[in-house]
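Rule-based calculations on the coordinates, nothing more; no lab input. All figures in this text were calculated on a predicted structure; none of them were measured in a lab. All Cβ positions, even for glycine, are placed from backbone atoms using ideal geometry, and neighbour counts span all protein chains on display.
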Amino acid sequence: MVLSDPKERCQPPLAIQPLHRPSSNWHTLTRRITPKIPFYYGVLTTNIFCRPTCTARLARRINVRYFSTPSAAKAAGYKACLRCKPDDELFIGDAEEVVMKLLDALGKKIRGLNALSKEVGVTKGYLCRVFKSVMGMTIGGLSKIYGPGDPLIVCLDTSQVHPLR
């Protein structure tokens, strides 16, 4: 019995698709939304790399390069942005800090938009805008889902709110 060469039976390797497409990354940058798959972008003209949610002025598309990790950006010769601190994993932005203070105030049973905004130290309008942009729902929507008696736990890795049962 003659066995065929194992190399002949092997299928050609499948082409691996990149996790990030430049068009979807650019869309994420222009909308300033949190990406589903984390990435970083570097600007050729300044040699600085940022998070997609950085509040710095966005560079021209032709000058933007994408990286999957901060170490890849550093290896390419880019320096970390001082505003969004992409090389610091524990850094949270101003918006996320406001939301964490709000959820802490809700945990202390502080109710009413006026009292919450005073506790957090921002205006009512800013509080509502930031909460909706970070959490994807309004403060009123949160109060409808979770009643006043439900304690809240915030999962920082997914930015979702779950009731403690």
By the scheme Lys and Arg +1, Asp and Glu -1, what is the net charge of all other residues having a beta-carbon under 12 Å from that of A115? +4
With label points set 7 Å from each Cα along the Cα-to-Cβ direction at D104 and S71, the distance between them in nm comes to 3.2 nm
Just rank E89, E97, E119, fewest to most, by other beta-carbon atoms within 10 angstrom. E89, E97, E119
For R83 and R61, calculate 0.36 nm times their separation in residues minus their Cα-Cα distance, and state this gained length in nm to one decimal. 5.9 nm
Quick query: amide H of Y66 versus all other amide H atoms, modeled in the peptide plane; which residues come in under 5 Å with a sequence gap of 5 or more or a different chain? G42
When I145, I62 are arranged by how many other beta-carbons sit within 10 Å of their Cβ, fewest first, they go I62, I145
